[in-house]
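These notes are about the structure you will find just below.
The values are calculated or read from the model by the stated rules, or taken from the named source; none is laboratory data. The structure displayed is predicted, hence computed values, not measured ones. Neighbour counts run over all protein chains shown; Cβ positions are idealised from the backbone, glycine included.
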Amino acid sequence: MARKNSIMMFMPILSKVYCSTSEVVLVVRRRPNVANGGGFAVVDCSQRDVFRVDGCGIIGRKDELILRDAEGNALLLIRRKGSMIEALSLTRQWKGVTYDFSGSQKLVFTLKEPNSCFSKNTPIRISTESKDSSSYGNFEIRGDFPSRSCSIVNSTGDLVAQIGVREEVEQVMLGRDLYHVKIMPGIDQAFVFGVIAVLDYIYDGSTKC
């Protein structure tokens, strides 16, 4: 959890730049459907861009997504690992990677998606790759993302982020196209939206071709 014994603890899975000392509520909105798999934008309460996700219709590759910051800089390249071994496995794996100044690739997180009807009740789990990852633990998706009613929790069950649709939004448009994400203090917001990008793709959202 980001807060322990009333002392703020940052969890910079990608970077401490994306951690806040207070709770943050951001809004996800589907981008204009100029092409299949367009993606979505993330804005704050003042409608300022915070992140955006490019889907496979924009970048031209299936099973691949890019998380960008407000200036359009790539923060995470997210790909689904495809292989014969995975086809026979009970899970599909998604990898979120970043690149350092020398161009070297660094694994940030791995998301495991249930891969058969026999494992459909198995929760989606995320593991992080960091020298401090032992202090973060693993994460899990609880609830129903297609209805925009779910949460990301850590290995001890503490809330990391809550995905939902406000009542006033439900009255004017589909929740799948506009919903909010509440992120706990100290949590890496870029990591959270990297995970949400994968969930959007898995459940045939705006990022998928």
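Within the stretch 182-203, which residues are more than 18 Å from K81 (Cα to Cα) and out of contact with any helix residue (DSSP H, G or I) (no Cβ under 7 Å at 6 or more places or on another chain)?
Across the stretch 182-203, the qualifying residues are K182, M184, P185, G186, I187, F191, V192, F193.
The conditions are (1) out of contact with any Asp or Glu (no Cβ under 8 Å at 6 or more places or on another chain); (2) at pLDDT below 90; (3) over 19 Å from Q47 (Cβ atoms), and S151 fails exactly one of them. Which is it?
All conditions are met except number (2).
Which count do you get for residues in the stretch 99-119 that are part of a loop (DSSP other than H, G, I, E, B) and either at pLDDT 90 or above or touching a strand residue (DSSP E or B) at 6+ places or on another chain (Cβ under 6 Å) (or both)?
1
Here's the yes/no breakdown for (1) modelled with pLDDT of 90 or more; (2) in contact with a strand residue (DSSP E or B) (Cβ under 7 Å, 6 or more places away or on another chain); (3) assigned to a loop (DSSP other than H, G, I, E, B):
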| residue | (1), (2), (3) |
| --- | --- |
| R52 | yes, yes, no |
| E71 | yes, no, yes |
| L77 | yes, yes, no |
| Q93 | yes, yes, no |
| V97 | yes, yes, no |
| P123 | no, yes, yes |
| S135 | no, no, no |
| S147 | yes, no, yes |
